[in-house]
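As structure tokens, the structure follows; a few thoughts come after it.
Just so it is clear, none of the values below were taken in a lab; they were calculated from the coordinates. Just so we're clear, the structure is a prediction, and the values are computed from it rather than from any experiment. Ideal geometry is used to build each Cβ from the backbone, glycine not excepted, and the neighbour counts take in all protein chains shown.
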Amino acid sequence: MAHFHPYPSAADVCERPRGTLRVNPAHAALVPSRHVDVPETSVFQHLAVAAARYPQKTAIQFYGASYSYAELLRDVEHMAGYLQQVCGVQRGDRVVVFSQNCPQFIAAYFAILRADAVLVPANAMLLQDELAHIVSDSGAVAAFVAQELLDQVTPLLGSTCLQQVIVHAYGDALGDDDAGLNIPDWLRARSNLALAQPGVALWNTALAEQRQPAPHQAGPDDLCMLPYTSGTTGKPKACVHSHRTVSTSFVGSSLWRPTNASSVFLAVAPLFHLLGLQTNVNAAIFNGSSIVLMARWDRENAAALIERYAVSFWAALPTMLVDFFAQPGIEQRDLSSLALITGGGAATPQHINDLLKQRYGLDYIEGYGMTETASFLCTNPYFAPRRGCLGIPTYGVELRIVDPDSLEAVATGEVGEIIVHAAQVMLGYWNNEKANADSFVVLDGKHFLRTGDLASCGEDGYVTMRDRLKRMINASGFKVWPAEIEAMLGAHPAILEACVIAVPDQHRGETVKAVVTLRAGAAETTDSLLAWCRANMATYKTPRLMEIVDSLPKNATGKIAWRELQEAELAKRA
């Protein structure tokens, strides 16, 4: 078995499938098209094209402030010039963006690409030591930083490779019209001129210099971004993505979903995560669509923005939908503009699926992707979705389900590890040969990424997630996948959200514990819930322990932080 060597040549990358779909006959009729043409350009050039086509059209709507495509491109050009001429950024240099969602984030991202540099998106929740790892590991020479996060960054100036910082304030992007929204004080804060110091410049000051960048040189096989994984098995690792791998993902998703220049995207998922950046920025701008941007999740504001700006497309995690539809008065809001709601990352509660279908005539279109695959990999056909499924492989994706040890294909319907060969798969992990050796294999002359995700595939070609390879619970020799139990718990009328973890057990080795939140007014007890589980689940899957809590911990992208609950349980028992 050969192993993958990181950073293949351009010729090697070009040999990967780019357009033709490896079609499973069982689902060939479900694919909207069997071919997708990916432009031979950089990602920045999609913005240039959209601005040429729709200069006066709204590109970004930010709490009542509107930015046209022409205005966005103007700021991108000036900031790219500043990066090159003042910050000394050269082709291939890495530049960090450390911020919550705002128009400056989007402009900074495209300015980095316009300057032929490489984006390094950093989670806005990182602390100084965590950010220092990303800065040092990537070799970033400059950073765009939100004003409230500057204290995390200034100690890194000069003490690491970081030499220049450009600071922006969210409030500077707000207008006089607040759209009748509840805008918190932290979002209204304007630039603090006292923050300017050697190595630190203010966003507005940099823009005012109106510098013009050198001609754009980056092409499809230049590096585009280094997004970092969550680091659940150690320090975060950077996924190396070229303009081609990034474009393959969002161009494919744009073709798969019925979006176009008239679509209005609600962008609330964090842009430092590829779900937000790919789905709500890159795909929207590729289409020439409008982006209704939220800095942070707020269910009341989300409802008001959907209603006011006739949002048609919403990429929402299941946890967002649970919270959104639990707010008082949501039945009276006009959500008729919504045409497509998509997402994934966790089991969708049955009552949410039922509510969307019965009240709005919508299906929740679940999908599957990873940072390593630039997000878009599998999804449900929007006209033939199946609840609880990841969907089917999309354009050019060769997906196999194999035994994690032997890498031999498992039988139809059996559980195995997902491995994929596709043009959107990253080129490798940045400066991490061991991770590359562990994560890539060569089968039949093709490089496959080992996802670490367990799934099964039915005769009809639909893929169903079972769980993470390392999250499986071994109860008396029986394999129990928490995601399956969570989905079953979601069918209980009193349960709002659920997370299943493993608990050490003297007799079973491991046993199953469920941690749940209840819907408003529910009067269930742990005993009544356990009794329901015993009546509705196989004995070996049934939780032996149940805990009712007020809320479940979430990570920055809104997914339930199961590992946090798992580690707390183990620490308690230790």
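For this structure, a couple of remarks:
- Candidates TRP203, HIS168, VAL240 compared by Cα position along the dipole of the chain: farthest toward the positive end lies VAL240, with charges placed on Cβ.
- Between 0 and 90°, nearest 10: helix 103-114 axis offset from the chain longest Cα axis: 70 degrees
- Overall form of region 472-573: oblate. Here a/c, set by the Cα gyration tensor axes a ≥ b ≥ c, is 1.5 or more, and a/b is not larger than b/c.
- Alpha-carbon centroid distance for the pair region 379-422 / region 35-77, whole angstrom: 34 Å
- Contact order relative to length of the chain, as percent, for alpha carbon pairs under 8 angstrom and 6 or more apart: 14 percent
- Unit charges on C-beta of K, R, D, E only; dipole of the chain, Debye: 460 debye
- Dipole magnitude of region 472-573, debye to nearest 20 (Cβ charges: Lys/Arg +1, Asp/Glu -1, about Cα centre): 200 debye
- Here the residues ASP178, ASP185, ranked from fewest to most Cβ neighbours within 10 Å of their Cβ, fall in the order ASP185, ASP178.
- Extension reserve of the LYS235-ASP438 stretch, reckoned as 0.36 nm per residue once the Cα distance is removed: 71.5 nm
- Set of aspartates and glutamates with alpha-carbon distance to LYS237 below 17 Å, sequence-local pairs under 8 removed: ASP129, GLU130, ASP137, GLU372, GLU433, ASP438
- Ranked by how many other beta carbons lie within 10 Å on average, peptides 140-152, 245-257, 284-296, 462-474 from highest: 245-257, 284-296, 140-152, 462-474
- Rounded, prolate or oblate (a/c below 1.5 giving rounded, otherwise prolate when a/b exceeds b/c) for region 70-218 by Cα gyration tensor: oblate
- Rough spin-label spacing in nm, given labels placed 7 Å along Cα→Cβ, for LEU530 and ALA384: 4.5 nm
- Net length gained if the chain between GLN210 and GLU300 were fully extended (0.36 nm per residue, minus Cα distance): 28.6 nm
- Here is how the number arises for the chain: DSSP H runs of 4 or more residues each give -39500 (n - 2.57), the sum is divided by the residue count, and the result at 222 nm is -7500 deg cm²/dmol.
- Global form of region 342-459, assessed from the alpha-carbon gyration tensor, a/c cut-off 1.5: prolate
- Here each label is just a point 7 Å from Cα along the line to Cβ, and for ALA194 and LEU545 those points are 5.0 nm apart.
- Each peptide in 374-387, 446-459, 121-134 was scored by the mean count of other Cβ atoms within 10 Å over its residues; highest first, the order is 374-387, 446-459, 121-134.
- Approximate spin-label separation ASP37-ALA411, in nm, with each point projected 7 Å along Cα-to-Cβ: 4.5 nm
- Protection-proxy order for peptides 90-103, 163-176, each taking the mean of Cβ atoms within 10 Å per residue, highest first: 90-103, 163-176
- Using alpha-carbon coordinates, inclination of helix 526-536 to the longest axis of the chain, degrees: 70 degrees
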